[in-house]
Amino acid sequence: MHLYSGFGDAVKSNTTSSKKKKKTPKKKSNMSVLQGGGGALRELALKYDEMVKDNDVTLRDVYVLDKDHVDPSDGGNIGTFWFVGKFATRESGDAVAPPDRATVYTHSKNLVLKLRHSRSLSIFTAPGNSEMEVVRNLTPLTPLPNSDTDGGGCEVGFNPEIYIGDEQHKGGLRVKRYEDGSICANTFEVNLAPQAPD
């Protein structure tokens, strides 16, 4: 991505000004976030963009839990699951082979301030584009099985979540679940319809 600072040809003037233009701080672009996550993250993101053009891919929403920071309750330990991106894979069903786990963990730590120093992260998934169902406590989260070979020979892409605005300080989408990903609260409705004026 290139940022252009020029505004066309210079206009000649008989007067000179000693005032210098103030430099406007550059906004953090999506590409800079990918580069900050390393070449492996960028390659996975480009692979995701390529794969989602086809109809034979399975999408899964990706969440991360810090297992060292869970709260005990009567039903079991409850933790915060952070939404960190999406997988695209050629596999079908719930058996999704992840990309390099270290890449996902590194991205999660760079994305979420509260995960910056985490040492015990676990990846969970939900059906693709099911964020609203997850927020409403309709859909549990499924832990990815441990595997000696990440990826399992499957073609996998990863679309990393990117925070903008207040999300960079306050955090983005996250939900409470039992430590195993099961639902720990009642279902509720979300009213997205605009309110009629009184």
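The values are calculated or read from the model by the stated rules, or taken from the named source; none is laboratory data. Note that the structure is a prediction, hence the values are computed from the model and not measured. Positions of Cβ are backbone-derived with ideal geometry, glycine not excepted, and every protein chain shown enters the neighbour counts.
Some observations on this one:
- All of GLU50, GLU43 fail the test of being part of a helix (DSSP H, G or I), farther than 29 Å from ARG116 by Cα and at pLDDT 55 or above, apart from GLU50.
- Considering VAL70, VAL33, VAL64, VAL57, the condition of being modelled with pLDDT of 90 or more, in contact with a strand residue (DSSP E or B) (Cβ under 8 Å, 6 or more places away or on another chain) and within 17 Å of GLU161 (Cα to Cα) is satisfied by VAL64 alone.
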